[in-house]
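Below: the structure, in structure tokens.
Every number here is computed from the coordinates shown, using simple stated rules; none is lab data. Bear in mind that the values here come from a model prediction, so they are computed numbers and not experimental data. Quick reminder, even Gly has a Cβ in these numbers, built from the backbone with ideal geometry, and neighbours come from all protein chains shown.
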Amino acid sequence: MEEKNKKMDANAIMEKIASIIVNKRKAFLVFFGLAFIYCLLSISRVSVNDDLTDYLPDTTETRMGLDIMDAQFTTFGTAKIMINNIDYDTALSISKTLQEINGVSDVTFYDPEDEDYSEEDIPDSYNNFAAVYTIDFEDAEDTEITQSAMAEVRALVSKYDVSVYSTVDKDDSASLQEDMKLILVLVVIIITGVLIFTSQTYMEIVVFMLTFLVAIILNMGTNYWFGEISFVTNAVGVVLQIALAIDYAIILFHRFMEEHEDKEAKEALIIALSKAIPEISSSSLTTMAGMAALMTMQFGIGMDLGRVLLKSIIFSMISVFVFMPAMIMIFEKGIMKTMHKNFVPKISAWGHIVVKLRHVIVLGFLIVVFLGIIFSNQCPYIYDKNSIDSAKKDEYLTAKDEIEKYFNLTNTMAIIVPKGDYQEEAMILKEVAKCDGVDKTLGLANIEVGDDQEYVLTDSLTPRELAEVADTDIDITKMLYQFYAFKNEQYGAYLGGIDSYKVPIIDMIDFIYDQEENGGLELNSDTTRDIEDIHKDITDARKQLEGEDFSRLVFTWNKPLEGKETFDEIDQIRNIALKYYDKVYVVGDSTSDYDLSKSFKTDNMKISILTALMVGIILLFTFQSAGLPFLLVLTIQGSIWVNFSIPYLKNEPMFFLSYLIVSSIQMGATIDYAIVITSRHLALREELTDRREIITEMLNQAFPTVITSGGIMASAAFIIGRMTSNGTIASLGNTLGIGVLISIFMVMAVLPAMLYIFDWFIDMTNFSKGSDERMRMIKEKKAMIIEGSAKRSEKRRQGRITMKENVLNRKEAKHDEK
């Protein structure tokens, strides 16, 4: 009795809240109008980050190394341009024209007149009527001079069959937004088609669209609260918001239509809203649990996507609870006028099949789950977004694939070491150059100087050695050395030991240039020009290779971007540097992938456990049963294991981020389908006694909701996967689409079979009732099962008797005829 009174009090509170919302709907509409305008104007304030490495944990080697590089070094822009179907003479002429473009520092292409090249270098520049140019720009990628130079390069080669491989003018965010515009149009068309199929009235589609337009703008316009969001979140946030939260609008509207059958619109809406608020709130908790688990990832993209989607769910609920009732009242007449027949078919036949094959289905499910656990743990993962094989590729990846058909593309890496000891840097560069797959190394300590390239830029030379290298007069060189010693207060060398006095070449060039610039030294025009050219080259080298506290040693190798072999080689190179320094950083795309592979192992386990645990706890309190949460979580977790077994079976690697994000979304969102079916099952158990009829009717009632929500989410995911040129987004879309389809099948086939077979287990683990009552219910249920079984046996026996009688009658009839 006390529990009944509490329930009545809760219903009264909900009805009071619903009455306020419906009665004050005009005031709420004004509020939503103002919020809509504010958020619409605020969308432009949202900053989008295109770089996934920014979301690496701060403690990873790559993140720390990148922070040092950003602060202390300048990375000049580069580009690779390949022209197909071109003869060598034309290709050589183009290389010289490219070199003349303002902002281009150097163009690497085989020139027989250039002493730096030999005939062995020809295949690296020209092969099978294809020419490839490596262009170095004079400044960083984002500078005006580099951007302008890149535009001129494109204009020059545009009339040829060209592939441009460069990040200088690559704008992932802009190209992704262009893709998403088309994707969003297609998703809206799909949603409209699904809603027409499953709706009761055409006007409800208008109500849904307006409600979610408001929810989407509210969410997008408040993303600036987080400072910036990732391109992943910006791209998929809108589509996932619709797919995750469309259920809320459907639940409220269907409640309204049920109540409106015998009540006036306003009264029906108040009662429908009072019932829908707790139902929707409860349903949303499992989805929120999935997003909360996502936010615990070490990789910051989980926090970024999780909090935006969590916010989108909250805004969607607010819009459905407060804005949608006003829309229903405004369009109430149109709703009633546009009612149509139900297009959703009954699936009673499917229910009969599930019941008949229930033992086979459950046994097959357990076998598949067992294999899924094994296969999903063997799933091959990739960690570099450029390794993803998607249906549609952007210019950057298309160019990469084209160039690799004719030429080798190298992978560039850097070692960051404390500044100050050129000899140790030279030793590291020398050892790294011997490592397997390393093509060349570059640092201030191995830039060769002189015609014979006998010395490197950081070598310390005597006046005579420098005079020989620079081909200058020995007396002038000695005078420069004395001047240098005097300025640096090294008076011993200045007064008498200048012949044996050694100065690093790089320091002497800097000194001569500075003194001439300040008027402390006068040289002839030819020497001045040479010094200026050399100093410019040194300055450019220093910008890239020497910072205030650290030096950067660069090497290129022909190793794959990722994989065990590459990761082992990174460890080897790091160990070489650690022989000379206590702290070093190996930085590059490959080390980023290596760091991601390490954090993935932890994130993978954490998200899987947390998602299942949080969802299970929510279901535990929702159904007041220990058995039901186990069956529901097993069903969806089984779907996840099957989903991630597919890459293993197809021998296709999966992008690690797809697993982390999709596993939490698949559990958090598609568990709602299982909740819908289970709720219907529990309600029908109170009304019907025949378990076969319960399962059949349960599927008939749940099918429209599951097919609407699941159909929208799967369709949207597949469209994203097929239509976007961004590999990361495409991988997420395809993986989620397959996962949703598997979940739909599992909840429409496996879950009903388990609910039928383990009906007694559900009663036994129901702790909302006392133990005596549970035993009574179990006994009654067993009695019903036995009685039903006896009736079916008797029916089958009578059927066999009737069949025998019919056979005898036909025989007697034939005998009489004879």
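For this structure, a couple of remarks:
- Per-selection Rg to Rh, the range 7-127 - Cα, Kirkwood hydrodynamic radius: 1.42
- All Cα-Cα distances of the range 282-350, cut into 5 Å bins from zero to the largest, leave 4, 13, 14, 12, 10, 12, 14, 11, 7, 3, 1 percent in each bin in turn.
- Dipole moment magnitude, nearest 20 debye, the range 661-759 about Cα centre, only Lys, Arg, Asp, Glu C-beta charged: 360
- Rg(Cα) / (2.2 N^0.38 Å) computed for the chain, rounded to two decimals: 1.28
- Here the Debye sum runs over all C-alpha atoms of the range 542-689 as equal scatterers in vacuum, and log10 of I(q)/I(0) at q = 0.12, 0.14, 0.21 Å⁻¹ comes out as -0.70, -0.82, -1.28.
- Those aspartates and glutamates that a straight Cα-Cα span of less than 16 Å connects to LYS392, excepting residues fewer than 8 apart in one chain: ASP172, GLU178, ASP179, ASP401, GLU402
- With a cut-off of 16 Å on the backbone N, the residues of the range 477-520 near the modelled label site 7 Å out from ASP537 along Cα-Cβ are 505-510, 513.
- Point-charge dipole on Cβ atoms (K/R +1, D/E -1) for the chain, about Cα centre, debye to 20: 9940
- Rounded to the nearest 10 degrees, the inclination of helix 525-545 to the longest alpha-carbon principal axis of the chain is 30 degrees.
- The protection proxy used here, the mean number of other Cβ atoms lying within 10 Å of each residue, ranks peptides 274-285, 575-586 as follows, highest first: 274-285, 575-586.
- Extents of the range 326-387, taken as max minus min of Cα coordinates on every principal axis and listed largest first, are 57, 47, 19 Å.
- The range 578-657, Rg to Rh (Cα coordinates; Rh as Kirkwood inverse mean 1/r): 1.21
- Per DSSP, loop chymotrypsin sites (Phe, Trp or Tyr not before Pro) in the range 63-163 with at most 14 further Cβ within 10 Å: PHE129
- Under 18 Å of direct C-alpha separation, and excluding same-chain neighbours fewer than eight residues apart, LYS356 reaches these aspartates and glutamates: ASP690, GLU693, GLU697, ASP759.
- For LYS275, the aspartates and glutamates whose Cα falls under 12 Å of its own Cα, not counting residues fewer than eight places away in the same chain, are GLU15, GLU258, GLU259.
- Note on the range 234-383: Rg/Rh from Cα positions, Kirkwood definition for Rh, rounded to two decimals, is 1.09.
- For the range 325-429, alpha-carbon Rg relative to the globular expectation (2.2 N^0.38 Å, N residues): 2.37
- Rounded tilt (10° steps) of 144-157 against the dominant C-alpha axis of the chain: 80
- Of LYS96/LYS400; LYS170/LYS564; LYS400/LYS559; LYS440/LYS559, pairs whose Cα-Cα distance is over 18 Å: LYS96/LYS400; LYS170/LYS564
- With the gyration tensor restricted to C-alpha atoms of the range 165-292, the semi-axes of the equivalent ellipsoid amount to 35, 18, 11 Å, longest first.
- Listed residues LEU521, ASN651, VAL344: farthest to the positive end of the dipole of the chain (Cβ charges): VAL344
- Counting every alpha-carbon pair across the range 402-470, the share separated by more than 19 Å comes to 49%.
- Taken along the Cα-to-beta-carbon direction at a fixed 7 Å, the label points for THR296 and GLU258 span 3.5 nm.
- Restriction of the GluC sites (Glu not before Pro) in the range 467-552 to DSSP coil positions whose beta-carbon has at most 16 other beta-carbons within 10 angstrom yields GLU489, GLU522, GLU548.
- Top positive-direction residue, dipole computed over the range 34-133 with Cβ charges, set ASN85, TYR55, ASN102: TYR55
- Applying D = kT/(6 pi eta Rh) to the range 559-620, where Rh is the Kirkwood radius over alpha-carbon pairs, T corresponds to 37 °C and eta to 0.692 mPa s, the Stokes-Einstein value obtained is 234 µm²/s.
- Think of the chain as a dipole: +1 on every Lys or Arg Cβ, -1 on every Asp or Glu Cβ, centred on the Cα centre; then among VAL355, ALA243, GLN72, VAL355 lies furthest on the positive end.
- The range 211-253: Cα Rg divided by the 2.2 N^0.38 Å rule of thumb: 1.26
- Alpha-carbon spread of the range 159-204, three principal axes, descending order, Å: 56, 21, 12
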